[in-house]
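Reviewing the structure listed below.
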Amino acid sequence: MWGTKISMDDEKPDISEFGSVDPAPPSESQNISSLRTTLCDEKERMFLRMRSLFALRNIGGKDAIDSLAAAFNSDSALLKHEIAYVLGQMQDSNAVPHLVRRLEDESEDAIVRHEAAEALGAIGDRVALATLETFKNDPEVVVAESCEVALDLLEWISSDRLDYSD
């Protein structure tokens, strides 16, 4: 069964190359166009959409990122949250404009905006600095706190002066 490695001693979940245990196995398809179609199909089962999402993450590159970002038009906050999360895992600056738009969209679900902020911090591209500064006082506490964490992460990445051991 996917999701667990069976051994004689115990069961341990499969860990992706990104260090996470994903909620669905990646699709075996490597066709970005087909994966994008499945991911963006609002009538498709969420499990299959997630499989496409993780396959696109694993493929990587600008086309995969643009395909992932196309699904930010979904009605599902869960899916959009997961998209932001994997864009952060990919640590590719091509994702920054897509994530900035999610964070700036105050009509977006707070959990999506929160994950977009954290992903921007994980990517470590200072282009996001001004946007994160703008939203660190967001009325949605989870968004504001996520921006604060992302800003600290950006500073920590670029400086050895900060001491976070306290």
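Please treat every number below as a calculation from the coordinates, not as lab data. Bear in mind that the values here come from a model prediction, so they are computed numbers and not experimental data. Please note: Cβ atoms are built from the backbone with ideal geometry, for glycine as well, and neighbour counts cover all protein chains shown.
Given (1) under 30 Å from residue 42 (Cβ atoms); (2) part of a helix (DSSP H, G or I); (3) over 18 Å from the mean Cα position of the chain (by Cα); (4) not hydroxyl-bearing (Ser, Thr, Tyr), identify the lone condition not met by residue 157.
Result: residue 157 fails condition (1) only.
Sort out which residues of segment 98-116 are crowded, with 20+ Cβ neighbours inside 10 Å and more than 15 Å from residue 69 (Cα to Cα), and write them in order of number.
Of everything in segment 98-116, just one residue is crowded, with 20+ Cβ neighbours inside 10 Å and more than 15 Å from residue 69 (Cα to Cα), namely 114.
It is to be established whether one or more residues within segment 131-149 are of a type outside the set (A, V, I, L, M), within 15 Å of the chain's Cα centre (by Cα), within 28 Å of residue 21 (Cβ to Cβ) and not in a helix (DSSP H, G or I).
No: zero hits.
Please name all residue pairs, on different chains or six or more residues apart, with Cβ atoms under 7 Å, provided the first residue is in segment 24-51 and is without any contact (Cβ under 8 Å) to a residue 60 or more places away in the chain and the second residue is buried (at least 18 other Cβ atoms within 10 Å of the Cβ) and among the acidic types (Asp, Glu).
Sorted first by the residue in segment 24-51, then by its partner, the pairs are 50/82.
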